[in-house]
1. Only one of (1) surrounded by fewer than 15 Cβ atoms within 10 Å (Cβ to Cβ); (2) touching a helix residue (DSSP H, G or I) at 6+ places or on another chain (Cβ under 7 Å) is not met by B:THR89, so which one is it?
2. Looking only at region A:8-43, count every residue that is within 13 Å of ligand 1 (Cβ to nearest atom), over 17 Å from A:ALA82 (Cβ atoms) and hydrophobic (A, V, I, L, M, F, W, C) and tell me the total.
3. In region A:54-79, what residues are more than 12 Å from every other protein chain (Cβ to nearest Cβ) and either in contact with a Ser or Thr (Cβ under 7 Å, 6 or more places away or on another chain) or among the β-branched types (Val, Ile, Thr) (or both)?
4. Looking at (1) more than 10 Å from ligand 2 (Cβ to nearest atom); (2) assigned to a strand (DSSP E or B); (3) facing chain B (nearest Cβ under 10 Å); (4) out of contact with any Asp or Glu (no Cβ under 6 Å at 6 or more places or on another chain), can you tell me which one A:THR44 breaks?
5. Please go through region A:20-41 and give me each residue that is out of contact with any Pro (no Cβ under 9 Å at 6 or more places or on another chain), farther than 15 Å from B:GLY124 by Cα, part of a loop (DSSP other than H, G, I, E, B) and within 13 Å of chain B (Cβ to nearest Cβ), ordered by number.
6. So, in region B:110-129, of the ones that are in contact (Cβ under 8 Å) with a residue 12 or more places away in the chain and loosely packed, with under 15 Cβ neighbours inside 10 Å, which residue ends up nearest to the other protein chains (Cβ to nearest Cβ)?
7. More than 30 Å from B:LEU141 (Cβ to Cβ) and either modelled with pLDDT of 95 or more or in contact with a Cys (Cβ under 7 Å, 6 or more places away or on another chain) (or both): which single residue out of B:LEU37, B:LEU62 fits that description?
8. Of these, A:ASP81, A:ASP90, A:ASP105, which one is part of a loop (DSSP other than H, G, I, E, B), within 15 Å of ligand 2 (Cβ to nearest atom), under 28 Å from A:PRO7 (Cα atoms) and of a type outside the set (Lys, Arg)?
Amino acid sequence: MTGYPVPASSRGIIALDENACTSCMLCARECPDWCIEIDSHKETVLEEGARPRVVHVLDRFAIDFGLCMWCGICIEACPFDALFWAPSYDHAATEPAGMVHERFDLRQWLSEVPPGTP
Amino acid sequence: MTWVADVTAARDAGAVFFDFLTAVDLEADGFEVVCRLWDPQARTEHLLRTRCTRTHARVPTLTGVFAGAAWHERAVADLFGIGFDGHDTVPLLLPASFEGHPLRKDFVLAAREARQWPGAKDPGESDADLAVPRRRRAKPLGTRDWSP
Ligand code: SF4
Ligand code: SF4
């Protein structure tokens, strides 16, 4: 984050904890602006002594901040605490496509989330 | 007239700052009209609500209590199609030729008809999986139900 200092609890941008995300689609369905795009696929996990398990593996997680209205509904809707507000705010772009942030960016912002954030 | 009387009483009791007036579409239960007042001395907020049905979507105007309610009532008339008795609501936000009330939940949003809803995919699916027809798929608000 650069520029003017803001409180750590600011609603600057949305961070994603990919390890916590189960690709459940709830945030994408609850988002009033349709700005969360998620792709995932199924994989079967074989573990000794256990029956085969199907898990969802995340392929794409993108938020279009050109559409987002910072309502926070996705963060509240996530049952797995995978989405958080991060204070970073200077993400202006020169064209609309630049406002779409993929999982690489969303994951990076996780380091800015203040500790103890629900 | 208890709507006007209640808002007047709250104002006279100190909630002299009219913050906003809006509405909520409760679908089969009609509409709720909500008004927020602020008491600058006590530093308390007052949220007042009234209801009307869909078939008779009208409530009394608050413009006699707060002149500033006029813009809010005009916006609510545009966006929710709610009438205000005693206030001739001139369109505020929508052109006169606009048909429908876009904040009603049964209003079909044209942009949503054209775009693929990101929530249509189930966990474990990507865009390619949407090409496979399936009987039950999650449906978004603000779109037409095309199912037979
Ligand atoms: S903050 Fe609101 S608009 Fe933005 S991605 Fe989340 S649910 Fe969608
Ligand atoms: S609601 Fe949470 S767990 Fe589910 S897809 Fe969204 S971020 Fe992942």
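The values are calculated or read from the model by the stated rules, or taken from the named source; none is laboratory data. Since the structure is predicted, the reported quantities are computational estimates derived from the model, not experimental observations. When we count neighbours, we look across all protein chains shown, and the Cβ atoms used for this are built from the backbone with ideal geometry, even at glycine.
1. (1)
2. So the count comes out to 1.
3. Result: A:ILE73, A:ILE75.
4. Checking A:THR44 against (1) more than 10 Å from ligand 2 (Cβ to nearest atom); (2) assigned to a strand (DSSP E or B); (3) facing chain B (nearest Cβ under 10 Å); (4) out of contact with any Asp or Glu (no Cβ under 6 Å at 6 or more places or on another chain), the one that fails is (3).
5. Taking region A:20-41 as the starting set, the residues that turn out to be out of contact with any Pro (no Cβ under 9 Å at 6 or more places or on another chain) are A:20-21, A:27, A:30, A:32-33, A:39, A:41.
The next check asks that each one be farther than 15 Å from B:GLY124 by Cα; those that pass are A:20, A:30, A:32-33.
After this cut, where a residue has to be part of a loop (DSSP other than H, G, I, E, B) as well, the list is A:20, A:32-33.
Hits for region A:20-41 are A:PRO32, A:ASP33.
6. Residues of region B:110-129 in contact (Cβ under 8 Å) with a residue 12 or more places away in the chain: B:112-113, B:116-117, B:119-120, B:122.
Cutting the leftovers down to loosely packed, with under 15 Cβ neighbours inside 10 Å gives us B:113, B:116.
Values: B:GLU113: 12, B:GLN116: 9 Å.
Looking at the filtered set, the residue picked out is B:GLN116.
7. Values: B:LEU62 fails: more than 30 Å from B:LEU141 (Cβ to Cβ).
Criteria check complete, one pass: B:LEU37.
8. Numbers: A:ASP90 fails: within 15 Å of ligand 2 (Cβ to nearest atom); A:ASP105 fails: part of a loop (DSSP other than H, G, I, E, B).
So the residue among A:ASP81, A:ASP90, A:ASP105 that is part of a loop (DSSP other than H, G, I, E, B), within 15 Å of ligand 2 (Cβ to nearest atom), under 28 Å from A:PRO7 (Cα atoms) and of a type outside the set (Lys, Arg) is A:ASP81.
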